[in-house]
Amino acid sequence: MAVYKHHFCMADEVISFIEKYYNAPKNFEKLRQNAKGEEEYAMIDRLLMMMKEVGEAFKEKFQEDEYLFQFLQEEDDLTLSSLLCYAYCDYKEETLDKQLASMRKNAKENPKAFLDVLLSANSETKEQISPDEELLNEIDHIPYTDAVKWNVWKIHTNVEKYVEHLCEIIQELYPLFEYNKDIYAYYGKRYEEEIATLYEGKDLYSYLCTKFDFHIEAEGEYIYPSVGKILSISFIDCKPKDIIIRYGVGMVNKLIEIQQISKEELFFGLKVLGDISKFEILQLLGKETSYGAQLAEKLHLSTPTISYHMQALINARFVIFEKKQNRLYYRMNKEYLQYFLKQVEERLGV
């Protein structure tokens, strides 16, 4: 049963704002399109200004650390800093000091958790690999650039140092979040209203599961509000037996109001369909549900490569998944794909 948490994980929030500044500022700017009323429009302007202030403050003092906050691949939203946070931060802690203390403690006690999280994000299973030789082999098969792979290995060999530096960055920028705490009060209230509302007779999380057609087996499912992930939803499947859902406030309203695919989503979907491997994966999933190793065998690709392509297909909403017995099973999202292709026809006047 899902548990709704009522505090923001501020360590995660600081990281998310820096990531948005470097990778997806336009996504924040699109928030204006979803504003209702003068109060919300003014709050979104405050949010955009805050993102700029956080990004510029980071750039002024930590510019050499940009690589920690840049997306590892064009088609996903993972960064080295977010992986460190996922691996070591105890999201259940309610204050920043305790969150950072948990990161330092967990990095010291389990330094290999960073690579476990990285590999689980690029594989359909979460089996841990111990020998360094095997870890190197697994990393080599993940379709990252050589520069990214080198940075991954540098962090792995000195995790405590990098976690400590990340904590220093977060602490340095946190006063900007304290100064803008009324923004978090506003979105915290929005979150409480959204989780108190029933959608088609379902609670918020059950409704999102139905709409996105995802089913995840876990002993604990914890939903945390997020401003840095506003109008989106993401999963952290890296804690033993638990899963953390970061719910971007307002996502449910965006979902209800979606009537037409945006131009950016259309172009991204067409780009995904134009890739031979991704298209072949869709062809196979159109016939039967499969997990990553099965697809890898049929297409003569490595499992990490399949996971890389699958992330883009999921982001494009062409593929949906279900987790059973610690394995992800993928299938084609035929209803959405039909709607997508219909939108292409209408836009082209076919």
Quiz item: Quick one, what does Rg over Rh come out to for the chain if you take C-alpha atoms and the Kirkwood Rh?
Solution: 0.94
Quiz prompt | Cα-Cα over 24 Å, subset of LYS20/LYS263; LYS59/LYS154; LYS20/LYS324; LYS112/LYS161 | solution = LYS20/LYS324
Quiz prompt | Simple spin-label estimate for TRP150 and TYR339 in nanometres, 7 Å along Cα-Cβ | solution = 4.5 nm
Quiz item: Using a Gaussian network model of the chain with C-alpha springs under 10 Å, which one of ILE142, ILE230, ILE276 is most mobile by mean-square fluctuation?
Solution: ILE276
Quiz item: Mean separation of Cα pairs under 8 Å and 6+ residues apart, divided by the residue count of the chain: what relative contact order is that in percent?
Solution: 20 percent
Quiz item: How long are the semi-axes of the ellipsoid equivalent to the stretch 308-350, from square roots of 5 times the Cα gyration tensor eigenvalues, in whole Å, largest first?
Solution: 27, 10, 5
Quiz item: Amide H to amide H under 5 Å from VAL319: which residues, 5+ apart in sequence or cross-chain, H placed 1.01 Å off N in plane?
Solution: ILE314, ASN333
Quiz prompt | Orientation-averaged projected area, Cα convex hull of the stretch 265-350 (nm²) | solution = 5.6 nm²
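The numbers here are math on the coordinates, done by the rules we state, and not lab data. Treat the numbers as computed from the prediction; the structure is a model and nothing was measured. Glycine also receives a Cβ, built like all others from the backbone with ideal geometry; neighbour counts cover every protein chain displayed.
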